[in-house]
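Novice: Structure below; questions to follow.
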Amino acid sequence: MARKKKTIISGITREEMEEAMHVYAVADAKQRALTAEMDGKLSAIREKYATQFADLDTEKEEAFERLQAFATENRDEHFSKRKSMETTHGTIGFRIGNPQLKPGKGMTWAGILELLKLQGTAYIRTVEEVAKDKLLAERELEECQEVMEACHITVVQKETFYVEPKTEG
């Protein structure tokens, strides 16, 4: 993305500001109209091809099921040495996913956590972080102000300029 050099403008009169707001509002309205027109056309195009896409999805699903059935039934013959098989029109095969942990039958992660605590194991994660939400909420309290001052924490609020054109309709 190319950088755009910004020139600082000053000495704008109320009339010039009103004219700039008019130009901004008109351009914004035209953009909204173009976006609506584009969305309408895109929607029509999507509707035009929706049936074909649905039919093709059905064909792919049915073919996938047949391919999977073949691979599963002939796993020992065609997939014993390699996990994939090259065909005239593509490749079929089996992929091994990433290892995952799963609670044993009748167990939950909460129950496992309690068992790990009883064992005193190092397999429990403890996360420490600054409670920013609490500091913000209690920033008016004297105790909180003292802590923030001692820890060099300040509360800042950025102010940004905005333009909001009136939209008719």
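Novice: Using θ = phi - 60° and the Karplus form 6.51 cos²θ - 1.76 cosθ + 1.60, what ³J(HN,Hα) does each residue of segment 79-92 get, whole Hz, x for Gly and Pro?
Specialist: Per-residue couplings from phi come out as 10, 6, 8, 10, 7, 10, 9, 7, 10, 4, 10, x, 10, 10 Hz.
Novice: Still on this structure, please answer the following. Could you tell me what percent of the accessible area of the chain is made up of carbon and sulfur, with a 1.4 Å probe and every protein chain present?
Specialist: 54
Novice: I've got another one for you. I'd like the accessible area for LEU141: 1.4 Å probe, protein heavy atoms, all chains in place, Å² to the nearest 10.
Specialist: That residue has around 100 Å² of solvent-accessible surface.
Novice: Within the P(r) computed for the chain, what percentage of the Cα pairs occupies the region above 21 Å?
Specialist: That fraction is 81 percent.
Novice: Just subtract the alpha-carbon distance of ILE8 and ALA54 from 0.36 nm times their residue separation and send over the number in nm, one decimal.
Specialist: The ILE8-ALA54 span can extend by a further 11.1 nm.
Novice: Rounded to the nearest whole Å², what accessible area per residue is found for segment 85-164 with the 1.4 Å probe?
Specialist: 104
Novice: Also: Taking the chain as the reference, fit the longest principal axis to its C-alpha atoms, fit the long axis of helix 14-73 to the helix C-alpha atoms, and give the angle between the two in degrees, 0 to 90, nearest 10.
Specialist: Tilt of helix 14-73: around 0 degrees.
Novice: Taking Rh as the Kirkwood radius, which is the inverse of the mean 1/r over Cα pairs, what is the Rg/Rh value for segment 51-137?
Specialist: Result: Rg/Rh = 1.28.
Novice: Now a separate question. On C-alpha positions alone, give me the angle between the axis of helix 109-119 and the longest principal axis of the chain, in degrees, nearest 10.
Specialist: Compared with the principal axis, the helix lies near 80 degrees.
Novice: Suppose we take every Cα in segment 28-89 and form the convex hull; what volume per residue is that in Å³?
Specialist: Hull volume over Cα atoms, normalised by residue count, gives 133 Å³.
The values are calculated or read from the model by the stated rules, or taken from the named source; none is laboratory data. Because the structure is a prediction, the values reported are computed rather than measured. Heads up: the accessible areas ignore ligands, DNA and RNA and are worked out on the full protein's heavy atoms, side chains in. Shrake-Rupley method; radii C 1.70, N 1.55, O 1.52, S 1.80 Å.
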